[in-house]
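Provided herewith is a single structure, encoded as structure tokens, for subsequent inquiry.
The values are calculated or read from the model by the stated rules, or taken from the named source; none is laboratory data. Source: prediction; values computed, not measured. Cβ atoms come from the backbone with ideal geometry, glycine included; neighbour counts cover every protein chain shown.
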Amino acid sequence: MDETRDQSPSQQMTKAISQLLDRGSVAVVITLMSGLEGVGSKLLIDEAGDTIGSLGNAELDTQALRRAEEFLRSRDETRMISVSEFAPDLVNASDVLLLFERLQPAPRLVVCGAGHVGAALAKLGVFVGYQTTLIDDRAEFVRADRFPEGQIELVVAQDWAEAVRQAVGTGRGVAIAVVTRGHDQDEECMEAIVDVMPDYVGLIGSKRRTNIVIDNLRQSGASEDHLRNIRAPIGLDIGAISPEEVALAIIAEIVAERRGAKGGSLSAWRR
């Protein structure tokens, strides 16, 4: 018996969404909100272009899928769009409203190094909504009593590279901040993600220190595309001094990268 055939359209959609999120994929759900029969109908499109469901009109589906590609390229989470905005010639659809919603895994933050900056960054990451993992090879630095909130996954690294690989996974939806205590630990962490492309990679340290690590990665065979994506030194330039300020500068850059923003001053246009 075909299990999929026996499911209702809403059950099929729910299952497809669950599978997409489990894979770490990004997709768009389009919902018919008004203007035609079948209000509430849904169409799902993933980043590979595969679809499930329908808005009840083949031509509307086609036009909506084209608009979904543009929506995916944006950083919008949701947007209500009138069909007249992108398909004005579509018959009987001028007053149709569609809701576009981005589907993606919850953002994750992996912090390598549980010193003053790493600890502050992990706490701040949780505060702004990231599922946060904090890794260190010193067990006393990732004790639960240092983080009584209990919302941070604490990992004692027997091997830095293996611990980082396990935490980062495919890299989709992941920001990684390498804020360890030295060159050797930095390089182990960075080498662990050479074969994946996390959404954000940042490395703490001076220009000289970070250039040494990056040059060593280059000599080890890391691609130039991978190296260009490394934010080093890490964080936005806010004049940070204290560990908490440095953590703020880092999380601000991570959020800016996720949202597709430049991280400049909102009032710059006045000057």
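Which of the numbered conditions does residue 139 fail, given that it passes all the others? Conditions: (1) in contact with a strand residue (DSSP E or B) (Cβ under 6 Å, 6 or more places away or on another chain); (2) without any contact (Cβ under 8 Å) to a residue 24 or more places away in the chain; (3) of a type outside the set (Phe, Trp, Tyr); (4) more than 28 Å from residue 205 (Cα to Cα).
The number of the failed condition is (4).
How many residues does segment 207-231 hold that are hydroxyl-bearing (Ser, Thr, Tyr) and either touching a His at 6+ places or on another chain (Cβ under 6 Å) or closer than 25 Å to residue 132 by Cα (or both)? If you could, list the steps in order and put the result at the bottom.
Step one: filter segment 207-231 for residues hydroxyl-bearing (Ser, Thr, Tyr), giving 210, 220, 223.
Now drop any that are not either touching a His at 6+ places or on another chain (Cβ under 6 Å) or closer than 25 Å to residue 132 by Cα (or both), which leaves 210.
The qualifying residues number 1.
How many residues are in a helix (DSSP H, G or I) and touching a Ser or Thr at 6+ places or on another chain (Cβ under 6 Å) when one looks only at segment 175-205?
Taking segment 175-205 as the starting set, the residues that turn out to be in a helix (DSSP H, G or I) are 183-191.
Narrowing further to those that are touching a Ser or Thr at 6+ places or on another chain (Cβ under 6 Å): 186.
Residues in segment 175-205 being in a helix (DSSP H, G or I) and touching a Ser or Thr at 6+ places or on another chain (Cβ under 6 Å): 1 in total.
Out of all the residues in segment 206-220, which are surrounded by 11 or more Cβ atoms within 10 Å (Cβ to Cβ), assigned to a helix (DSSP H, G or I) and of a type outside the set (D, E, K, R)? Can you show your working first?
Pass one, segment 206-220, residues surrounded by 11 or more Cβ atoms within 10 Å (Cβ to Cβ): 209-218, 220.
Imposing the further condition that a residue be assigned to a helix (DSSP H, G or I) reduces the set to 209-218.
Correct list: 210, 211, 212, 213, 214, 216, 217.
I would also like to ask the following. Any idea which of 79, 67, 75 is touching a helix residue (DSSP H, G or I) at 6+ places or on another chain (Cβ under 9 Å), closer than 30 Å to residue 190 by Cα and either free of Cβ contacts under 8 Å to residues at least 12 places away in the same chain or outside the structural domain of residue 156 (by TED's automatic domain parsing) (or both)? Can you show your working first?
Numbers: 79 fails: closer than 30 Å to residue 190 by Cα; 67 fails: closer than 30 Å to residue 190 by Cα.
Checking each option against the conditions leaves just 75.
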